Amino acid sequence: MLLPTVWSARNVVHAGVARRLTDRGIDVHLVAAPLADAPMVRLDMERAGALHALLTPPTHPVRGKPLLDDVIRDAFGRRHDNASYPIYRRWNARRAGPRDRARAALVRALGTLGSAPGALAALQRLVDQLDRRARELQSVRAQLVTIAPDLVWSTGCTSGLEQSYLFAARDLRIPVATSILSFDNLTSRSVTPEFDHYLVWHEGMRRQLLRLYPHLPADAVTVTGTPQFDFHQRADCRWDRPTTLAALGLPAGARYVVYAASHVSLAPDEPALVQAFVERLAASEALGDLHLVVRLHPLETGARWDTVRASSSRVTLMSAATTPSVDGRVPWLTLHDQARLVSTLLHAAACINIASTMTLDAAILDRPVIGVEFSGEPAAPRDILYEEYGAEHYRPLVERGGLRLARRWDELLDLVRDAIRSPERDAAQRADMVRHECGIMDGRAAERVAEEIARLTTRAAACRRGGT
């Protein structure tokens, strides 16, 4: 199993997939990014299987490859008329100079040509050849030969840290399965690397994958659900309200809303937005006693939020991980961190965010969700990707009505008041959104994932022995 990201440990180790595979008699090997600063996570992984370091072999720059990568991304978006790509293109070009604009025009022109039938596949083959040529794969191949796996499981399908392992596995003729990690991976990134088998959240994601990659055989995609939502059903991850308030450092009986922060790359001005929100809450007669818990993005350490933290005693910054950051590195998440997240949302009056996956986390727990869409609000910070509500993966959430969009400051405060007074409002729409976007919510996705990985491993082992 390849564990390149903090989400990999959550889905594979903390959700219990690795343990279930071991119980089935599968010899589990975890190939993980550095864990020196995460002793609890290391201990959990060592209990789950043999632990190996994820190698990052040297790479050599290949002239022209960055341009080809951008052309393929543009061609893929055009080929499938994907609404996400123009949104992200405009966002990335917001500070472009003359040279950047000229390059972007060239990418669009070549992307138009590359979107023709057969051209995109040819471009992808060329980039794969260049990428392979740029990598020194000897160490990765040697590691895989030593481990001798029947199957390699990619748990972060869009992570570049896995790419060398995919090439090495192909060289050694080891089949590779992957789990689609997030609901935006198929439509907000470039072409997904090709695998032998895919595990997806729900039937709609399966149809989407087969539509985008029609050469894939239908039986190469299995619907399992995603283990990240199993925690929401687990009793050990649903603390009572007093325990949750104590863990957050809030006084007994406190009312609070959660603000789920975006990554800095999509919302550089978000701390200023939250600061303005804090000031308006304080000035509100009905909401002045409300506490605001700002849950930071898992890939941020929180330094840019220091001003917000210091602005009010009613603001609590909640890092995604309780393990402290060392030298600015993103800490790994523990099972305790996942339980804290679920419990914090469970007892919140509402979850506020900007086009975040946390909308789904809150809706699973039947908590009101408010999306901030201030593109037309003159008294709001501008350097935030409000437009992402129209992205291919997020638009269905808005259309199903499981979240309310606030387009002005007064509307945001009104929606917070409504969430406190009538939390049951939109419950049916939230349930509908969860049903269509998250897959089966029975808390057993980890079981289904383990069953499928065990099946694929057993089949691959039989093939290697010359069986059928």
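The values are calculated or read from the model by the stated rules, or taken from the named source; none is laboratory data. Every value quoted in this text rests on a predicted model; they were computed, and no experiment measured them. Neighbour counts run over all protein chains shown; Cβ positions are idealised from the backbone, glycine included. Just so you know, the surface numbers come from the protein's heavy atoms only, side chains and all, with ligands and any DNA or RNA stripped out. Shrake-Rupley method; radii C 1.70, N 1.55, O 1.52, S 1.80 Å.
This structure gives mean projected area of the Cα convex hull in nm², computed directly, and of (i) 26.9; (ii) 22.6; (iii) 19.5 that value is listed as (ii). For residue 198, the residues whose modelled amide H falls within less than 5 Å of its own, excluding neighbours fewer than 5 places apart on the same chain, are 178, 221, 222. Between amide H atoms placed 1.01 Å from N, distances below 5 Å from residue 83 occur with 392, all of them 5 or more places distant or on a separate chain.
Whole-Hz Karplus values for region 80-96 come out as 10, 6, 7, 5, 5, 5, x, 5, 5, 5, 5, 5, 5, 9, 5, 10, 5 Hz, taken residue by residue from phi with 6.51 cos²θ - 1.76 cosθ + 1.60 and θ = phi - 60°; glycine and proline positions read x. Shown for region 304-349: the carbon plus sulfur share of the solvent-accessible area, taken with all protein chains present and a 1.4 angstrom probe, equals 52%. Shown in residue order for region 178-192 are the 3J(HN,Hα) couplings computed by the Karplus curve 6.51 cos²θ - 1.76 cosθ + 1.60 at θ = phi - 60°: 9, 10, 5, 6, 9, 6, 9, 5, 7, 10, 10, 10, 8, 4, 6 Hz (x for Gly and Pro).
Measure out, as a whole number of angstrom, how far apart the alpha-carbon centroids of region 102-154 and region 272-344 sit. So the separation of the two Cα centres works out to 38 Å.
Loop-located trypsin sites (Lys or Arg not before Pro) in region 40-86 (DSSP state not H, G, I, E or B) with no more than 11 neighbouring Cβ atoms inside 10 Å: 63. Here each label is just a point 7 Å from Cα along the line to Cβ, and for residue 218 and residue 104 those points are 4.2 nm apart. Proximity of backbone amide H atoms, modeled 1.01 Å from N, is registered between residue 291 and 255, 256, 257 at under 5 Å, excluding neighbours fewer than 5 places apart on the same chain.
Compared with the dominant principal axis of the Cα atoms in the chain, helix 335-346 is inclined by about 40°. For region 172-256, the relative contact order works out to 22 percent when only alpha carbon pairs closer than 8 Å and six or more residues apart are counted. Per residue, the chain exposes an accessible area of 44 Å² to a 1.4 Å probe, with every protein chain left in place. Computed from Cα positions, the angle between helix 39-48 and the longest principal axis of the chain comes to roughly 50 degrees.
Would you work out the relative contact order for the chain, in percent, from Cα pairs under 8 angstrom that are 6 or more residues apart?
Computed over the chain, the figure is 18 percent.
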